[in-house]
1. Project the alpha carbons of segment 13-63 onto their principal axes and report the range along each, largest first, in whole Å.
2. Determine, for each peptide in 8-14, 45-51, the mean count of other beta carbons within 10 angstrom over its residues, then list the peptides with the highest first.
């Protein structure tokens, strides 16, 4: 019974992180589209910065995936 909640360690942790980051990017893009007409410049710049940071993270994760299997 105690083994039911055990989670198997991922063989592709960077790929898993990349898929989660892509989901975050989709959410931020949707927020930007919804907020753009009514937002101040500072709010728009903040969302653009967050999107840029996620793009950078995605690039860094992808560069380090050489040992992982391609899914």
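Every read-out reported here was derived from the displayed coordinates using simple, explicitly stated rules and does not represent laboratory data. Worth saying up front: this structure is predicted, and the values here are computed from it rather than measured. Note that we place each Cβ from the backbone using ideal geometry, even for glycine, and neighbour counts take in every protein chain shown.
1. Sorted from largest, the Cα extents of segment 13-63 read 38, 15, 9 Å.
2. Values: 8-14: 10.9, 45-51: 13.4.
Going from most to least packed, we get 45-51, 8-14.
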